1. For the range 43-104, compute Rh as the Kirkwood radius over C-alpha pairs and then the Stokes-Einstein diffusion coefficient at 4 °C and 1.567 mPa s; write the answer in µm²/s, rounded to an integer.
2. How much of the accessible area of the range 39-98, in percent, comes from carbon and sulfur atoms when a 1.4 Å probe is used?
Amino acid sequence: LLLERPFLELFGSAIVTGTPSALDLLGFNSRRIELYHRWLDGDLAESGLCDFFRTEETQKIRDAYLELLRQLDNFVNFLSLLERYNQLATIAGDAAMMRLRAPL
C-alpha cells in the first residue's frame, strides 16, 4: 500500500526505504487478492501473522483485515484525486470548477 502512486503523492516517498521486492511491484489490489487466496487455502506459515491469527476460527478476522486494507486504499485514492482537484481549483478558479462540476 505504501508503494502505490496515490499514497506516495499524498505522504511523500520518505516513508518508503530500500528497494521494492517483486511482490511490491504488483498493484496493491493484486497483492491483496493473492493474500486472500493464500490465506483461504491455509498457506499461513510465512504470512507474517502471529500464531493466534493462523487458526481456522480467525478466518473472519483475516477477511476483515484485508477489507480494511481495501477501504484504506480506496480512501487514499480519493484523497489523491481530491488533492488534484484542489490544485486545479487553485490554478483555474471558479470558472473551471463550474465547468467540471457536472462530470464529477
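The values are calculated or read from the model by the stated rules, or taken from the named source; none is laboratory data. It should be emphasised that the depicted structure is a prediction, and the values quoted were computed from it without experimental measurement. We work out accessible area using only protein heavy atoms, side chains counted, and drop any ligands, DNA or RNA first. Shrake-Rupley method; radii C 1.70, N 1.55, O 1.52, S 1.80 Å.
1. In µm²/s, the coefficient rounds to 86.
2. 61 percent
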